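The values are calculated or read from the model by the stated rules, or taken from the named source; none is laboratory data. Owing to the predicted nature of the structure, the values given are computational and were not obtained by experimental measurement. Neighbour counts are summed over all protein chains in view; Cβ atoms, including those assigned to glycine, are modelled from backbone coordinates with ideal geometry.
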Amino acid sequence: MAPFNILTPESAPAAHPYESLTPDVVLDALATLGLHGDGRLTALNSYENRVYQVHLEDRSAVVVKFYRPDRWSDAEILEEHGFALELAAAEVPAVAPVVVDGKTLHRHAGFAFSVSPYRGGRAPELDDFEVLEWVGRFLARIHAVGARKPFAARPRLDLQTFGIASREWLLGHQMVPLDVQREWETACNAAFEMIAATALGSGSGRAEAAESPLKSLRLHGDVHPGNILWTPTDRPDGGPHFVDLDDARTGFAVQDLWMLLSGDRAQQTAQLSGLLDGYEQFRDFDRRELALVEPLRTLRLIHYSAWLARRWEDPIFPINFPWFGSSDYWKGQIQMLQDQCEAMAEQPLYA
């Protein structure tokens, strides 16, 4: 069966809104805030939004982010900004938006956008115990701020929002080819049955029935190595800088740790030990959350497929993900879901 993204001329979608986001529009948007570019701008690596580094006439540089239309409401974006500003006020090295005329969210040419200072850096060396410890300390400080109050508008990260909603959207929009649809749905349902028994399910989960429930808090939500900029430690501001709170949600602390783990079980255990050694210098970590690592990995797997499918009308996605949508892709997803069911049945990581 051919990939679902093969379009006929009659079914081709209208131009995507981002196609009108030209360099002139970017510079004009900044000019409305009194920030005048010198003509140099670079598109940064972002698929969800459009993000540019822009050099200004005063020789400084800023990063301007144009939010994907219709993804977040203004209230949800402003909660992201508010959280980032809280972190900055607490001297946590998270890059926060610039406040211009009392606002962090601005509009131009039909786009919502924000501006933040430019921060350079490289990916952290996560095979270095001291680096892991340092990152863990700052994650604990992010969570200490995140626990102060809840999000009001931003959603939770749980079985319903990341798993069931993703499955229903994919099936409802006929994104899974018919020759593999039943097997994929069966694999999803088996995984969901296991996840439903955890704190990510609709209730407290059987594993917590006789204990106090796990505590949720405001999270960064997408802490992977690409969202940590590491600068030399001999500089006054050296160490990690956390960027891109676009996926900030309510959830459990382990969500901001597990994506930094890689390799086999022994390697992940060593990495987790480094992170928690740093983390617990500033904040307690509930070890019961380690049972959520594989369920969270499983939910992200399904959510990622839905994310790609939902964005397929954006021309940048077919260009960068040409392998998506075929029967072979979905067969690979079925195998990974089956592997994840086996992983969820094993004993969780420990540290």
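Is it the case, given these coordinates, that Trp230 is crowded, with 16+ Cβ neighbours inside 10 Å and at pLDDT below 95?
Details: crowded, with 16+ Cβ neighbours inside 10 Å: yes; at pLDDT below 95: yes.
So Trp230 passes the test.
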Does Leu245 satisfy the condition of being touching a strand residue (DSSP E or B) at 6+ places or on another chain (Cβ under 9 Å) and either part of a helix (DSSP H, G or I) or buried (at least 22 other Cβ atoms within 10 Å of the Cβ) (or both)? yes
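Can you confirm whether Ala112 is surrounded by 14 or more Cβ atoms within 10 Å (Cβ to Cβ), more than 18 Å from the chain's Cα centre (by Cα), within 25 Å of Ala75 (Cβ to Cβ) and touching a residue at least 60 places away in the same chain (Cβ under 8 Å)?
no
To keep it simple, each residue is scored yes or no on (1) part of a helix (DSSP H, G or I); (2) under 20 Å from the mean Cα position of the chain (by Cα); (3) among the small types (Gly, Ala, Ser).
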site	(1), (2), (3)
Ala270	yes, no, yes
Val293	yes, yes, no
Leu296	yes, yes, no
His303	yes, yes, no
Lys331	yes, no, no
Gln347	no, no, no
Quick check on region 126-177: of everything there that is closer than 15 Å to Trp307 by Cα and of a type in the set (Gly, Ala, Ser), which residue is surrounded by the most Cβ atoms within 10 Å (Cβ to Cβ)? Gly163
Checking the conditions here, which among Ile142, Ile195, Ile164 is farther than 30 Å from Gly325 by Cα and either without any contact (Cβ under 8 Å) to a residue 40 or more places away in the chain or assigned to a helix (DSSP H, G or I) (or both)? Ile142
So Asp244, is it modelled with pLDDT under 95, under 15 Å from the mean Cα position of the chain (by Cα) and within 24 Å of Trp312 (Cα to Cα): yes
Go through (1) out of contact with any Gly (no Cβ under 7 Å at 6 or more places or on another chain); (2) closer than 30 Å to Val26 by Cβ and name the single condition Leu170 misses. (2)
What residue, of Val135, Val63, is among the aliphatic types (A, V, I, L, M), modelled with pLDDT of 95 or more and over 30 Å from Thr269 (Cα atoms)? Val63
Is it true that Asp28 is of a type in the set (Asp, Glu), surrounded by fewer than 15 Cβ atoms within 10 Å (Cβ to Cβ) and touching a residue at least 40 places away in the same chain (Cβ under 8 Å)? yes
Does any residue in region 217-241 that is part of a loop (DSSP other than H, G, I, E, B) come within less than 8 Å, Cβ to Cβ, of a residue that is of a type in the set (Lys, Arg) and buried (at least 19 other Cβ atoms within 10 Å of the Cβ) six or more places away or on a different chain, and which pairs are these? Leu219/Arg249; Gly221/Arg249
